[in-house]
Amino acid sequence: VEGYTGNWSDCNFVSGNTLYNNILTWKAMCCMEDLVLDSEKQKYNNLSITIKEAINKLMWSDKEGYFIHYIGPKKRVHGEFYSDGNLLAILWGFSSDIQTLRIYQFMEGNIGTYKSPIAYPRLIWWDHILNYLLFPMYKTENTFTLWTCIYSLSKISSKNFTYGLSILNNLAQTIVKYHTCHEVLKPNGEPVNLWFYKSEKGMAWTSGMY
């Protein structure tokens with residue numbers, strides 16, 4: 001269960017079972033199975049299976065073709081599309097071949113090529129309002145370098161090498177143009193540049209992913 005601002009994207013004020021943290025927990029259990037003594041392996045294998053079954057049962061939307069964002073208090077379902085958990089599900093082999101195909105079809109059909117924004121079509125309504133008032137650099141349509149790179153890696157892991165490398169090439173053109181790797185970019189590829197906030201660059205935490 002995730003608490004408020006308990007996410008890489010600390011501008012998201014949500015509380016509940018998020019896809020992002022549950023995918024991380026599933027992956028952690030898989031890794032633990034490889035790290036522990038033989039006598040404990042089955043324990044973590046069982047945990048990873050249980051978590052995977054729960055995510056698929058409660059968070060996969062067959063209607064929309066992606067894993068939903070989160071389930072909040074009182075089991076209220078928030079069905080927005082968020083790039084983070086969906087891309088990690090593909091990259092780490094959590095999603096089935098059919099699920100992977102449908103996630104990509106949704107992204108490319110609705111968001112466009114090479115783009116992996118925080119959410120689509122927008123953040124949850126209260127986050128949407130707060131972002132435009134307090135965090136305009138994190139507008140829904142903006143893209144973090146971190147997730148652009150993970151999008152590329154997910155494509156490569158899915159054997160779509162040409163598309164995966166083209167995502168990095170598209171980002172590389174921006175890096176060459178501005179002589180650095182920015183943290184967050186606007187839809188037109190320009191770095192966010194506001195009077196009170198300028199996109200981090202150089203050794204920005206997300207830039208290192210490139």
*Regarding T180, is this residue in a helix (DSSP H, G or I) and open to solvent by less than 60 Å² (accessible area, probe 1.4 Å)?*
no
*Contacts under 9 angstrom Cβ, first residue in the range 147-174 being over 15 Å from L91 (Cα atoms), partner at pLDDT below 90 and of a type in the set (D, E), 6 or more apart*: T174/E190
*Pick from the range 22-41 the residues that are within 19 Å of the chain's Cα centre (by Cα) and open to solvent by 50 Å² or more (accessible area, probe 1.4 Å): which of them is farthest from W92 (Cα to Cα)?*
T25
*Does N110 satisfy the condition of being modelled with pLDDT under 95 and outside any helix (DSSP H, G or I)?*
no
*Within the range 145-165, which residues are surrounded by fewer than 21 Cβ atoms within 10 Å (Cβ to Cβ) and among the hydroxyl-bearing types (S, T, Y)?*
S157, S158, T162, Y163
*Answer with yes or no whether T50 is free of Cβ contacts under 8 Å to residues at least 60 places away in the same chain, open to solvent by 70 Å² or more (accessible area, probe 1.4 Å) and not small (G, A, S).*
yes
*Looking only at the range 52-78, which residues are under 18 Å from the mean Cα position of the chain (by Cα), outside any loop (DSSP other than H, G, I, E, B) and of a type outside the set (A, V, I, L, M, F, W, C)?*
K52, N56, S61, Y66, H69, Y70, H78
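Conditions tested, residue by residue: (1) more than 20 Å from Y210 (Cβ to Cβ); (2) modelled with pLDDT of 90 or more.
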residue: Y66; (1), (2): yes, yes
residue: K74; (1), (2): yes, no
residue: V77; (1), (2): yes, no
residue: L91; (1), (2): no, yes
residue: Q99; (1), (2): yes, yes
residue: Q105; (1), (2): yes, yes
residue: L123; (1), (2): yes, no
residue: D127; (1), (2): yes, no
residue: T143; (1), (2): no, no
*In the range 151-177, how many residues are basic (K, R), out of contact with any helix residue (DSSP H, G or I) (no Cβ under 6 Å at 6 or more places or on another chain) and not in a loop (DSSP other than H, G, I, E, B)?*
1
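The values are calculated or read from the model by the stated rules, or taken from the named source; none is laboratory data. None of these values were measured; they are calculated from a predicted model. Note that each Cβ is placed from the backbone with ideal geometry, even for glycine, and that neighbours are counted across all protein chains shown. Keep in mind that these areas ignore ligands, DNA and RNA; they rest on the heavy atoms of the full protein, side chains included. Shrake-Rupley method; radii C 1.70, N 1.55, O 1.52, S 1.80 Å.
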